[in-house]
Amino acid sequence: MPVKPDTAESDSDCLFEPLDTHYSHLAEATVLVDLRKHPRFDTRFPAEAISENGRKALATITNISRSGLRLEGNRRMLDTLVPNNRHQTRHTPTRLQVKFTVPGGTDHHLPVRAQCQSVYIRHEKKDTWQIGITFTGFDQGSKALTGYLLLRESTS
């Protein structure tokens, strides 16, 4: 039902109608769905990432799952690992190797060395960059990572 505006100009021919369409009902029923293959867990693991040309950079793993992880670091880390990033208009997947450790018990850590590919690059804050990474293979520590993640899943 049309509604006249409640203003000083209400004598005008302007009418407002509430939005009541098929699409407005769809918008109300929309639910965001996480399309990731595996649950992600927040972390603060130090890591060493190695670019395709062998250059190394230190970074922090801020989340991890069975299918990938997110690296975080400064602009130097980004330029080291993805040297042509400043000249690209779209992200081009880049192969990397990432080395880190996961807790293997109360008093020791187990090494993981994974072959990876970048999925996205995001500028998070002033000098903080994130690289989303998917695992493509493991040279070391696949069982250690799986064990760590199973433990995290069982406690969440």
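Bear in mind these aren't lab numbers, they're just calculated from the coordinates by the rules spelled out. Keep in mind the model is a prediction, meaning the values are calculated, not measured. In this analysis, Cβ positions are derived from the backbone assuming ideal geometry, glycine residues included, and neighbour counts consider all displayed protein chains.
Annotations
- Failed condition for S118, given (1) within 16 Å of E52 (Cα to Cα); (2) out of contact with any His (no Cβ under 8 Å at 6 or more places or on another chain): (2)
- In region 51-156, counting only strands (runs of 3 or more DSSP E) that sit wholly within it, the ones holding 1 or more residues that are free of Cβ contacts under 8 Å to residues at least 40 places away in the same chain, surrounded by 19 or more Cβ atoms within 10 Å (Cβ to Cβ) and not aliphatic (A, V, I, L, M) span 109-125.
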